[in-house]
Amino acid sequence: MSEAAVAHYLDQYARLPQSAPVWLNGIRAAAIDQFRRTGFPSMRQEDWKYTDVRPIIKRNFLSVAAGADAARPELLDGYTMQAWDCHELVFVNGSCRSAYTHIRDLEQGVILRSLAEVLRHDATGIQPYFEQVHAKSQSAFDNLNSAFLAEGAYLYVPDGVCIEKPIHLLFLAEQRPEPLVGHFRNLLVLGKQARATVIETYAGADSAEYLTNTITEYTGAASAHLRHYKLQQESLRGFHVGSLRATLGRDSELVSHSLSLGGALVRNNIHAELTETGAAATLNGLYIAGGKQHVDNHTCVEHRVPHTTSAGFYRGVLDGNARGVFNGRVVVHAQAQKTDAQLSNANLLLSSQAEIDTKPELEIYADDVKCSHGTTVGQLDENMLFYLRSRAIDEKTARSLLTFAFAEDVINRIDFKPVRERLELSVAGKLPDTELIRNFMA
Amino acid sequence: MLNINNLHVSIDNKQILKGLNLAVQAGEVHAIMGPNGSGKSTLAGVLAGRAGYTVTAGSVTYDGRDLLTMEPEIRAREGIFLAFQYPVEIPGVNNIYLLKAALNAIRVHRGLSELDAVDFLSLVRNKLKLIKLKEDLLGRSVNEGFSGGEKKRNEIFQMAILEPRLAILDETDSGLDIDALKVVADGVNSLRGGDRAIILVTHYQRLLNYIVPDYVHVLTDGRIIKSGGRELALKLEEHGYDWVREEAAVA
């Protein structure tokens, strides 16, 4: 099956127009070569031990041909953040739709455009920001992403500039007769002391079957500050493989919130390189899955120099036959003294069929460091349940309240109100019996 | 109101209550005293409906109905209230929302209309004064970050709002300093009377200086072996439990 699938994507690649800049053609060619050699990952590989990607492999997704703008996407109203005065780029079925893109009053020197547009015009400026982070092992999805690289968002913020409005990158997938794949590469570049908030939303029509294969590369110069949100709300028949790769310079800070609610099979990777003193990464995450959903979160933080900080805080709620995977890796290199690294992952299993495979991996080669990790897997606390019921709250409502409260612990860390509120609604819609919570809060 | 008849209860096949009898009428205050491990908290838990207990024999009726088959929330709605020995912290569940939901669930069950926010808040303000609880605690998650004394006071505050018919106070005095004890006792005393019955489960007689019971029962080894009035508590304070056990053994 895998050979046939590899042949399928090689064939797709062969049909690509060679219109990109020469240096980019080099990246693409190297990536497809790599893909040809390695094929798709199997569960025999440590990195994919608990995630079987055969459902993705067997579907032979078709690459999207950049077409003319079609009708207004029905999904747009449900996911746009225009009401909150954002800059917004909208991608539908793999390509940017300029008709729905709203970018107004950008600060001096800031560039915010679709990658396709940048590649058509002046692409040399972006070259240094590609492939900044070399993940331990590039997977087939990374290679395919590079090979088909054509679309995404490009943000450049010059030194000292703070972007006032949040930037919303909205990726929508519609129901199509043939299953499509959208490969996105977002490049976020923040200069010294630059600040920005970027929200990526991935969503699809209810029954749409498609693959989102997305990579966001972030380069933060000294004292840059990025707040990054990823709202993964793909269709329950959609597939999603996505990565955030960050390189943080001196005193620069990344606060990432990865919120994974949708998708049939989802893999979220975060790889953060703390390359200069004072760099700090905060990785918050929430995954909620039910039915037969499978959601896999891999995070990796590399502390390469002294005095860097990372904090990972992930929570998962799994119901039905859902399966979750959490792999949190922290590497403290020998010279990275005074590293402060914390990692925690807590999971709530709401059904006896739900499953979580969770593994914190600390590799510490320095001796003067402060590192901690903790992982829990459990059911709802019986003492709490009884306390609520002894106060006249019926069992269903009590369960729902405690589940919501567990998820809220992550949601409350979001300091950007529109995202927090949207997420609360989505989470409430996703958990069992949450309509009862609304009565409770009334 | 409450009739406990020959109650046998085990936890994990270990027999804790071994034929307990107790009758509580409306308006009465009963103190149940006993050494550690005698089954006091088991009794409180069984009455409130905590899981994990197996009733192997006997019965408990409340207003003539079988209490043991009722779910905990139904017992609460029927007017039973347990003030916990160790009130649990519930992060993310707001104190005041919980209390309003609890009160309205009970009111609806009794055929009364739900209280709106305005009426509810004025009720809360009145009762706060009674229990001397800081108002800002109410906006927090249930018991989260409360001191030991604040947790106990919060229990009595909830009781004051919910106005139960049968209140069971499980070791409410433990961990309280004398000032807090007086406040809690004042709160309980203000709720005393009418058709409300109160069961005080306690290890020490100290609480009974402030809440004077109508009846005192000695619970040892899963049974009530002696009952009396207030003076029994004082005698226990002075002489301990051994003489009661010996007396019971002889009988």
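The values are calculated or read from the model by the stated rules, or taken from the named source; none is laboratory data. The structure displayed is predicted, hence computed values, not measured ones. Heads up, the Cβs are rebuilt from the backbone with ideal geometry, glycines too, and the neighbour counts pull from every protein chain shown. Note: areas computed on protein heavy atoms with side chains; ligands, DNA, RNA excluded. Shrake-Rupley method; radii C 1.70, N 1.55, O 1.52, S 1.80 Å.
Kindly check whether there is at least one residue in the range A:364-385 that is free of Cβ contacts under 8 Å to residues at least 12 places away in the same chain and within 12 Å of chain B (Cβ to nearest Cβ).
First pass over the range A:364-385, keeping only residues free of Cβ contacts under 8 Å to residues at least 12 places away in the same chain: A:382-383.
Next, only the ones that are within 12 Å of chain B (Cβ to nearest Cβ) stay: A:382-383.
Scanning the range A:364-385, I find at least one residue that is free of Cβ contacts under 8 Å to residues at least 12 places away in the same chain and within 12 Å of chain B (Cβ to nearest Cβ), so the answer is yes.
Would you confirm, using the coordinates I've provided, whether A:Ser243 is in contact with a Lys or Arg (Cβ under 8 Å, 6 or more places away or on another chain) and under 24 Å from A:Ile356 (Cβ atoms)?
Values: in contact with a Lys or Arg (Cβ under 8 Å, 6 or more places away or on another chain): no; under 24 Å from A:Ile356 (Cβ atoms): yes.
No, not satisfied.
Using beta carbons and a limit of 6 Å, which pairs, at least six apart or on different chains, have the first residue in the range B:41-63 and within 14 Å of chain A (Cβ to nearest Cβ) and the second one among the acidic types (Asp, Glu)?
From the range B:41-63, the pairs are B:Ser41/B:Asp170; B:Ala44/B:Asp170.
So which strands (runs of 3 or more DSSP E) are wholly in the range B:166-251 and hold at least 2 residues that are open to solvent by less than 10 Å² (accessible area, probe 1.4 Å)?
Values: elements: B:166-170, B:197-202, B:215-220, B:223-228.
Passing ranges, in order: B:166-170, B:197-202, B:215-220.
Name every residue in the range A:151-168 that is over 19 Å from A:Pro418 (Cα atoms), in a loop (DSSP other than H, G, I, E, B) and open to solvent by 40 Å² or more (accessible area, probe 1.4 Å), in order of residue number.
If the condition is that a residue be over 19 Å from A:Pro418 (Cα atoms), in a loop (DSSP other than H, G, I, E, B) and open to solvent by 40 Å² or more (accessible area, probe 1.4 Å), then A:Asp159, A:Gly160 are the ones that fit.
I'd like the full set of residues that are under 15 Å from the mean Cα position of the chain (by Cα) and either among the hydrophobic types (A, V, I, L, M, F, W, C) or away from every other protein chain (no Cβ under 12 Å) (or both), limited to the range B:64-87.
Answer for the range B:64-87, where residues must be under 15 Å from the mean Cα position of the chain (by Cα) and either among the hydrophobic types (A, V, I, L, M, F, W, C) or away from every other protein chain (no Cβ under 12 Å) (or both): B:Ala76, B:Ile80, B:Phe81, B:Leu82, B:Ala83, B:Phe84.
Tell me, please, whether a residue that is open to solvent by 20 Å² or more (accessible area, probe 1.4 Å) and within 19 Å of A:Leu385 (Cβ to Cβ) can be found in the range B:28-37.
No, that holds for no residue.
Criterion first (open to solvent by less than 40 Å² (accessible area, probe 1.4 Å), assigned to a loop (DSSP other than H, G, I, E, B) and either away from chain B (no Cβ under 12 Å) or within 25 Å of B:Ala101 (Cα to Cα) (or both)) does A:Ile437 satisfy it?
Numbers: open to solvent by less than 40 Å² (accessible area, probe 1.4 Å): yes; assigned to a loop (DSSP other than H, G, I, E, B): no; either away from chain B (no Cβ under 12 Å) or within 25 Å of B:Ala101 (Cα to Cα) (or both): yes.
In short, no.
Against the definition (of a type in the set (Lys, Arg) and either open to solvent by 20 Å² or more (accessible area, probe 1.4 Å) or touching a Pro at 6+ places or on another chain (Cβ under 9 Å) (or both)), how does A:Arg250 come out, yes or no?
Numbers: of a type in the set (Lys, Arg): yes; either open to solvent by 20 Å² or more (accessible area, probe 1.4 Å) or touching a Pro at 6+ places or on another chain (Cβ under 9 Å) (or both): yes.
So A:Arg250 passes the test.
If we keep just the residues of the range A:406-423 that are under 29 Å from B:Leu162 (Cβ atoms) and open to solvent by 10 Å² or more (accessible area, probe 1.4 Å), which is nearest to the other protein chains (Cβ to nearest Cβ)?
Of the range A:406-423, the ones under 29 Å from B:Leu162 (Cβ atoms) are A:406-409, A:412.
Still in the running and open to solvent by 10 Å² or more (accessible area, probe 1.4 Å): A:406, A:408-409, A:412.
Numbers: A:Phe406: 7, A:Glu408: 5, A:Asp409: 6, A:Asn412: 8 Å.
Checking each candidate, the answer is A:Glu408.
Look at the range B:88-132 and say how many of its residues are touching a residue at least 24 places away in the same chain (Cβ under 8 Å) and more than 10 Å from chain A (Cβ to nearest Cβ).
The qualifying residues number 10.
If you take the residues of the range B:1-51 that are in a strand (DSSP E or B) and among the charged types (D, E, K, R), which of them is nearest to the chain's Cα centre (by Cα)? Walk me through how you get there before you give the answer.
If we filter the range B:1-51 for residues that are in a strand (DSSP E or B), which is where we start, we get B:2-11, B:14-24, B:29-33.
This time we only want the ones that are among the charged types (D, E, K, R), so: B:14, B:18.
Numbers: B:Lys14: 24, B:Lys18: 21 Å.
Here the residue is B:Lys18.
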